[in-house]
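Here is the structure we will look at, set down as structure tokens.
Computed from the coordinates by the stated procedures, all read-outs in this text should not be read as laboratory data. Since this is a predicted model, take the numbers as computed values, not measurements. Here the Cβ positions follow ideal geometry from the backbone for every residue, glycine too, while neighbour counts run over all protein chains shown.
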Amino acid sequence: MENKAVYPGSFDPITNGHVDIIQRGMTLFDKILVAVLENPKKTPLFSTKERIDMIQDVFSDQKKIEVKAFDGLLVEFAKKNNAKIVIRGLRAISDFEYEFQMALMNRKLNPEIETFFMMPNVSYTFLSSKLVKEIFMLGGCLKDLVPNHVEKNLREKFKKSI
Ligand code: PNS
């Protein structure tokens with residue numbers, strides 16, 4: 001049976017920390033389904049399509065990676081897509097409480113789905129999509145923090161909004 005994992009998130013936008021987790025996951029799972037949250041409450045900077053396109057651009061030559069949008073319950077999405085593992089990245093202790101709560105709630109909702117925590121390379125432990133957007137808007141350097149085309153997309157997005 002195919003060993004498939006879902007890697008859910010907002011990915012607004014994808015960072016090198018996310019890329020690192022996906023690359024590590026590729027050595028462990030047959031398939032990784034990157035699940036991009038469609039959440040109108042969060043009003044993301046990038047549309048769902050833009051966020052999906054940016055992830056697909058990074059992994060265009062990887063057959064193991066699939067990218068889809070999702071809304072509703074994550075465990076329902078995982079079940080519908082025949083995945084029994086949910087991957088989540090843990091950067092620091094500060095991530096733990098929320099992730100622990102979410103993992104146990106997901107287990108309550110569907111005991112067949114297991115959460116698998118992975119730590120990114122230490123050089124990404126301070127990195128988040130939120131900080132990437134803030135640094136960009138304040139004119140800081142995004143070198144090594146996001147894939148090149150993501151920086152280009154940020155530039156275009158902010159040019160349009162000025
Ligand atoms: O990148 P994020 O914002 O940390 O990702 C959070 C995400 C998408 C994993 C989480 O918000 C989620 O799973 N949302 C789907 C709704 C759901 O299943 N809620 C119950 C989880 S306990």
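Details
- Any chance D20 is part of a loop (DSSP other than H, G, I, E, B) and under 13 Å from the mean Cα position of the chain (by Cα): no
Table: residues versus (1) farther than 17 Å from M26 by Cα; (2) of a type outside the set (A, V, I, L, M, F, W, C); (3) over 13 Å from the mean Cα position of the chain (by Cα).
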residue	(1), (2), (3)
P44	yes, yes, yes
E50	yes, yes, yes
Q56	no, yes, no
K64	no, yes, yes
V75	yes, no, yes
A78	yes, no, yes
A83	no, no, yes
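- Residues being assigned to a strand (DSSP E or B), touching a helix residue (DSSP H, G or I) at 6+ places or on another chain (Cβ under 8 Å) and not hydrophobic (A, V, I, L, M, F, W, C) - total across the range 23-45: 0
- Breaking point among (1) within 8 Å of the ligand (Cβ to nearest atom); (2) over 14 Å from A35 (Cα atoms); (3) not β-branched (V, I, T), for F100: (1)
- Test: residue in the range 12-24 that is more than 10 Å from the ligand (Cβ to nearest atom), under 21 Å from V146 (Cβ atoms) and surrounded by fewer than 18 Cβ atoms within 10 Å (Cβ to Cβ): yes
- Those residues of the range 107-146 which are within 14 Å of T15 (Cβ to Cβ) and of a type in the set (S, T, Y), in sequence order: S123, Y124, T125, S128, S129
- Qualifying residues in the range 70-88 (those that are more than 9 Å from the ligand (Cβ to nearest atom) and of a type in the set (G, A, S)) - the one nearest to V36 (Cα to Cα): A78
- Selection from the range 122-133 of residues that are hydroxyl-bearing (S, T, Y), in a loop (DSSP other than H, G, I, E, B) and more than 13 Å from the ligand (Cβ to nearest atom): T125
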